[in-house]
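One structure is given below, encoded as structure tokens.
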Amino acid sequence: MKICIIGTGNVAVNLEHGFGQKHIRAVMHSSRSLADLPEADCYIYAVADQALRDVASQVHSPKALHVHTSGTMPVTVFGEDKPHAGVLYFFQSFSKEQLIEDWSPIPVFIEGRSIDDIAAVYTLAQTFTNRIFECSQAERERLHVAGVFANNFVNLMYCMAGDLLRGTSIPFEVLLPLIDQTAAKVHTLPPHEAQTGPAKRNDRAVMAHHVSLLSDDERAVYELLSRLILNSRDE
């Protein structure tokens, strides 16, 4: 099968690397120069959501399988001129600087226009991992939002924690054992049971002191999250 990855960003580079690990040649092609797009049996669109519809409309290959990697876009983003279409959504954060070497733990969520398309996308997914789940767009959208909370927002908390230590003699690295232990706990405990801290204990004195140390934006975040933890105690 001739595979062409459209895009040159984080996902595209990792996919090309992943195919290469299995000795499968996948050509990576920029979405900005589609006039010289090579012929392929499968086109994998690894482009930004807002660009996907426009990029797909410029690719004319009705016999090929067209697959996007978005967590939120529907399979119908591919027009009627692309009867064979699907979704290959890897639930992972990608970067060019740290390529994925072991894909086996990474779950991938697939969808297809027909039974045959689902089977074809499944075969693609098996190149990388056996953790393959067929799910609807609605389920995939909820998963994507869950990922924002579990990954992007958590990383923002790391940034805020680092900012709080700025100007002190304490390096960010002292937080790493705590971060690692917190992440490890949810492998064996439900997150609600793993929750600790002053809000979980309803320690109002400690929370009030913390608030006095924070800027306005930090205080707003602290108070909102503490209120959510307090409310969860009653569930």
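A short reminder: the numbers here are calculations on the coordinates, not readings from a lab. None of the values given here were measured: they were computed from a predicted structure. Quick reminder, even Gly has a Cβ in these numbers, built from the backbone with ideal geometry, and neighbours come from all protein chains shown.
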**OP:** Rounded to whole Hz and in sequence order, give me ³J(HN,Hα) for the range 69-78 from the Karplus expression 6.51 cos²θ - 1.76 cosθ + 1.60, θ = phi - 60°, writing x for Gly and Pro.
**Re:** 10, 7, x, 10, 7, x, 5, 6, 4, 7
**OP:** Compute the FRET efficiency between Phe153 and Tyr122 as 1/(1 + (r/R0)^6), taking r as their Cβ-Cβ distance and R0 = 25 Å, and round to the nearest 0.05.
**Re:** 0.20
**OP:** Take the Cα atoms of the range 3-135, find their three principal axes, and give me the spread along each one in whole Å, biggest first.
**Re:** 35, 32, 27
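Among DSSP beta bridges lying fully in the chain, give the percent that are antiparallel, nearest 5.
Numbers: 5 of 23 bridges.
Close to 20 percent.
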Subject >> Backbone N within the range 111-151 under 13 Å of label point (7 Å from Lys200 Cα along the Cβ vector) >> reply: none
Original post:
To the nearest 10 degrees, how steeply does helix 216-232 sit against the main Cα axis of the chain, on a 0 to 90 scale?
Top reply: 90
Subject >> Chain lengthening between Ala184 and Glu134 when straightened (0.36 nm per residue, less Cα-Cα) >> reply: 15.3 nm
**OP:** May I ask you to derive the FRET efficiency for Glu141 and Gln21 from their Cβ-Cβ distance with R0 = 35 Å, giving the value to the nearest 0.05?
**Re:** 0.70
Original post:
What length, rounded to one decimal in nm, is gained on full extension from Ser93 through to Ile115, with 0.36 nm per residue of separation minus their alpha-carbon distance?
Top reply: 5.0 nm
Original post:
Any idea what the relative contact order of the chain is, in percent, if you count C-alpha pairs under 8 Å spaced at least 6 apart?
Top reply: 12
Original post:
Considering only DSSP beta bridges whose two residues both sit in the range 14-119, what percent are antiparallel, to the nearest 5?
Top reply: 40
Original post:
If you stretched the chain out fully between Ser30 and Asp81, how much longer would it get, using 0.36 nm times the residue separation minus the C-alpha to C-alpha distance?
Top reply: 16.2 nm
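In what order do Val174, Val47 fall by count of nearby beta-carbon atoms within 10 Å, going from fewest to most?
Val174, Val47
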Subject >> Burial ordering of His23, His84, His192, fewest other beta-carbon atoms within 10 Å first >> reply: His23, His192, His84
Original post:
What lysines sit close enough to Lys2 to cross-link, taking a C-alpha to C-alpha distance under 23 Å and skipping anything fewer than 8 places away on the same chain?
Top reply: Lys22, Lys63, Lys82
**OP:** Could you line up Phe133, Phe94 from fewest to most neighbouring Cβ atoms inside 10 Å?
**Re:** Phe133, Phe94
Original post:
Name the residues of the range 114-146 whose amide N is less than 13 Å from a point 7 angstrom out from the Cα of Glu193 along the C-beta direction?
Top reply: none
Original post:
Between Val11, Val154, Val67, which gets the highest mean-square fluctuation from a Gaussian network model of the chain, Cα cutoff 10 Å?
Top reply: Val154
**OP:** Please say if the range 122-173 is rounded, prolate or oblate, where rounded means a/c under 1.5 for a ≥ b ≥ c the square roots of the C-alpha gyration tensor eigenvalues, and otherwise the choice is prolate for a/b larger than b/c and oblate otherwise?
**Re:** oblate
**OP:** Scan [x] 18.7; [y] 19.2; [z] 20.5 for the value of Kirkwood radius over Cα pairs in Å calculated from this model and give just the label.
**Re:** [z]
